[in-house]
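In what follows, a single structure is set out as structure tokens and then discussed.
The values are calculated or read from the model by the stated rules, or taken from the named source; none is laboratory data. Predicted, not measured: the structure shown is a model, and the values here were computed from it. Note that each Cβ is placed from the backbone with ideal geometry, even for glycine, and that neighbours are counted across all protein chains shown.
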């Protein structure tokens, strides 16, 4: 059985919230070490009466979901599955702040209701009047991957035709402030063209939502086949992950040579990029490598943006200049491997094949 | 179905007992858990009873073998997960391909609340150690790491149905040969965040909750953790006493309102119907339903009407164990899965406490006394939540 | 009464974040819920807090909501009646 990516939708710091190809102009606006989503006009997808309560992550998620359904030509999916590590941080912060400042008195329900992690998936179901399976994974750097695995397992059962799934996280002033205190972000000013070559610790804080419609039939707009997925939790060494990659490719009866483009989650943090250096130099020497986190920033579900980039590469047959990090791209791009890790503890491999 | 998924054991810690046998004793003695807040610090202490695990964090930490400064949610999780594992007789965890699928709704919020009070005064203050495990996934990993589980670790959060969804995902991992054993369920400690949140919805009862009673006024919040151990067919022989099979499950969305259930409980109905279909059972074959039964006007009437639509005229015995444990949110699906699976093995029927008057919406009443040795071959466990998330599980005799 | 109703309209728009609704556009007798202004049960809970915050009136039973919040006028009448009682 093959699984096809029949449609995608993406809200990111780039102008991605439109159907079609990779955006022509790429100039993500770094605000210090913070990279915010470029908000589209959400009223395109969301009724004005509903939008008034929605925080950004809900709007981003719903927009990405609707875009991907539109592309796939699907009205009601057979399952809705989301991954979000932080969930609805903005509403959580609002409720927490009021609760503390008002000594637990005169609190209102809206921000509490919307703080639950399944709000995005629930809102999508509500808007589509979709009674189907609905699930939300909230596991740090595996949130998106778990949602993807759940989707694959459900499609394999053969009863579902189309699954809407995606990854989303929002960055708030509080979360940026707090995570900054863990020295996670760059202290010095940097641009998106410099980030990937940085030799200092720290990365750029990002956010976004990327959704996909997966199905077992090749639709008219299908981007690629989702050929494989695996995760590795806290691998002991770079050698272990290299072995995992070889084994993963072997399961799919290919070798490194068959990979036309390796997309890595390189984020400009000199300590974290060691993993990618090792894999690129020992397993894929001289081969084309692409990157994406200079365009979306680092966040736990950033691999969903990576998969979106992979889809665009496969459907257009081209690697955008801003994505190509090193090596020369082959004339035909058939297989893309996305290797991402989050904080060195959550590693994932996603294999896409052109269709 | 490719391969059967067995329940090899289970563990629970909650307000009516700090292990599973203690909880069963509480049911036997009709010893409900709602009481004045003792461990949670809140302005609402005198107003709303809660069902707390009767131990402070230091005591729980000593039992869990974890540091006392980490989230209570992780401490509860570790204690129940360990009891669940030990009950299987499988021995060393490292000898198997084990997954840990745990649900919770607010992660390390109990510690984040403390951090935030300082942080709001000055963004540079507040101890970072209190917020480092804020994420839901961190709670799962603290426990997975301490148990030595690496093969598959993930966290589900679908509000009050989270724990049940953890079992579904865990069963799929086994059917897809990703792992051989999964510890699946959920955990949640009481926090001021959730207490105040439910208070804004005006669905907290100032007395002990009365699920499926006509005079019900709302729910009592509780805390705890509950896990079953899901085991694949071929490992069944190694289990001390396999409890039962997880024969069916389904998840559906009500798609009606962000928090409220549709009056007729369409999501509830679809979840129960889907679970029956997977198990290949007819409604009249269900011997007991462990209700979601929160005690709110809305939930109980929707759930009741959905049961009527699916089961009439053959109503099985039903009860809400939340009348004892309170609503433990992300843990409830896990805790009630343990109770439900054990009911199949032992022939238990659990009582619904505080019941007096039949609801006018439905023609049936809950079981009000504990009994054992009943013919209980198939048990349904319901978990419904915010966001329209509805899940049903069915446990069947092997 | 007119003054109170005008104040209420502004407070409703603000509390419920009714984008693209101007306070003066809300009719005194226009239904607030469903087909009228389109409010729902979450808004009703928000309005209960609004009464508490701005008028120091506590509503313990949310089932009273639909009656009190039928329109801006019924809200104003409830506030007036309650305040004179004190």
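Could you please give the count of residues in segment C:1-21 that are within 14 Å of another protein chain (Cβ to nearest Cβ), surrounded by fewer than 16 Cβ atoms within 10 Å (Cβ to Cβ) and over 12 Å from the mean Cα position of the chain (by Cα)? Please lay out each step first, then the result.
If we filter segment C:1-21 for residues that are within 14 Å of another protein chain (Cβ to nearest Cβ), which is where we start, we get C:11-21.
After this cut, where a residue has to be surrounded by fewer than 16 Cβ atoms within 10 Å (Cβ to Cβ) as well, the list is C:14, C:17, C:19-20.
Pick out the ones that are also over 12 Å from the mean Cα position of the chain (by Cα) and you get C:17, C:19-20.
Of the residues in segment C:1-21, 3 are within 14 Å of another protein chain (Cβ to nearest Cβ), surrounded by fewer than 16 Cβ atoms within 10 Å (Cβ to Cβ) and over 12 Å from the mean Cα position of the chain (by Cα).
Filter segment A:170-184 for residues that are within 11 Å of another protein chain (Cβ to nearest Cβ) and either modelled with pLDDT under 95 or under 19 Å from the mean Cα position of the chain (by Cα) (or both) and give the result.
If we filter segment A:170-184 for residues that are within 11 Å of another protein chain (Cβ to nearest Cβ), which is where we start, we get A:173-183.
Of everything in segment A:170-184, those that are within 11 Å of another protein chain (Cβ to nearest Cβ) and either modelled with pLDDT under 95 or under 19 Å from the mean Cα position of the chain (by Cα) (or both) turn out to be A:175, A:176.
Which ranges mark the strands (runs of 3 or more DSSP E) fully within segment A:196-283 that have 2 or more residues being surrounded by fewer than 23 Cβ atoms within 10 Å (Cβ to Cβ) and touching a helix residue (DSSP H, G or I) at 6+ places or on another chain (Cβ under 9 Å)? Outline the logic, then answer.
On the way: elements: A:208-215, A:224-233, A:261-264.
Correct list: A:224-233.
Residues in segment B:142-171 that are within 7 Å of another protein chain (Cβ to nearest Cβ) and closer than 27 Å to residue A:236 by Cα: B:150, B:153, B:154, B:155, B:156, B:169. Screening residue A:194 against (1) within 30 Å of residue A:71 (Cβ to Cβ); (2) more than 10 Å from chain B (Cβ to nearest Cβ) leaves a single unmet condition, (1). For segment B:189-210, the set of residues classified as in contact with a strand residue (DSSP E or B) (Cβ under 8 Å, 6 or more places away or on another chain) and more than 12 Å from every other protein chain (Cβ to nearest Cβ) consists of B:190, B:205, B:209, listed by residue number. For segment B:104-122, a residue qualifies if it is surrounded by 21 or more Cβ atoms within 10 Å (Cβ to Cβ) and more than 9 Å from chain A (Cβ to nearest Cβ), and the qualifying residues are B:108, B:110, B:111.
Against the conditions (1) outside any loop (DSSP other than H, G, I, E, B); (2) in contact with a helix residue (DSSP H, G or I) (Cβ under 6 Å, 6 or more places away or on another chain), residue B:292 satisfies every one except (1). Can you confirm whether residue A:42 is surrounded by fewer than 22 Cβ atoms within 10 Å (Cβ to Cβ), under 28 Å from residue A:146 (Cα atoms) and either in contact with a helix residue (DSSP H, G or I) (Cβ under 9 Å, 6 or more places away or on another chain) or facing another protein chain (nearest Cβ under 10 Å) (or both)? Here the answer is yes, as residue A:42 does meet what is asked. Within the option set A:202, A:167, being modelled with pLDDT of 95 or more and within 17 Å of the chain's Cα centre (by Cα) holds for one residue only, A:167. For the criterion of being under 30 Å from residue B:192 (Cα atoms), surrounded by fewer than 24 Cβ atoms within 10 Å (Cβ to Cβ) and touching a helix residue (DSSP H, G or I) at 6+ places or on another chain (Cβ under 8 Å), residue B:363 fails. Residue A:301 falls short on exactly one of the conditions (1) at pLDDT 95 or above; (2) away from every other protein chain (no Cβ under 14 Å), and that condition is (2). When B:274, B:304 are checked against the criterion of being under 24 Å from residue B:203 (Cβ atoms), surrounded by 19 or more Cβ atoms within 10 Å (Cβ to Cβ) and either in contact (Cβ under 8 Å) with a residue 60 or more places away in the chain or not assigned by TED's automatic domain parsing to the domain that holds residue B:388 (or both), B:304 stands alone in meeting it.
Provide a single number: the residues in segment C:52-75 that are more than 12 Å from chain B (Cβ to nearest Cβ), assigned to a helix (DSSP H, G or I) and surrounded by fewer than 21 Cβ atoms within 10 Å (Cβ to Cβ). Talk me through it step by step, then tell me what you get.
Applying the first criterion (more than 12 Å from chain B (Cβ to nearest Cβ)) to segment C:52-75 yields C:53-57, C:66-75.
Now restrict to residues that are assigned to a helix (DSSP H, G or I): C:53-55, C:66-68, C:72-75.
Then drop every residue that is not surrounded by fewer than 21 Cβ atoms within 10 Å (Cβ to Cβ), which leaves C:53-55, C:66-68, C:73-74.
Number of matching residues: 8.
Just for segment C:35-51: of the residues that are farther than 17 Å from residue C:63 by Cβ and more than 10 Å from chain A (Cβ to nearest Cβ), which one is surrounded by the most Cβ atoms within 10 Å (Cβ to Cβ)? Working first, answer last.
Our first condition is that a residue be farther than 17 Å from residue C:63 by Cβ; within segment C:35-51, this holds for C:35-38, C:50.
Narrowing further to those that are more than 10 Å from chain A (Cβ to nearest Cβ): C:35-36.
Details: C:35: 7, C:36: 14.
It comes out as C:36.
Can we say residue B:246 is more than 14 Å from chain A (Cβ to nearest Cβ), closer than 30 Å to residue B:85 by Cα, in a helix (DSSP H, G or I) and in contact (Cβ under 8 Å) with a residue 60 or more places away in the chain? Walk me through how you get there before you give the answer.
Working: more than 14 Å from chain A (Cβ to nearest Cβ): yes; closer than 30 Å to residue B:85 by Cα: yes; in a helix (DSSP H, G or I): no; in contact (Cβ under 8 Å) with a residue 60 or more places away in the chain: yes.
So residue B:246 does not fit the description; no.
Of all the helices (runs of 4 or more DSSP H) wholly in segment A:72-148, which have at least 2 residues that are under 19 Å from the mean Cα position of the chain (by Cα) and either on the phi > 0 side of the Ramachandran plot or within 7 Å of chain B (Cβ to nearest Cβ) (or both)?
Values: elements: A:89-101, A:109-113, A:119-128.
Counting at least 2 such residues, we get A:119-128.
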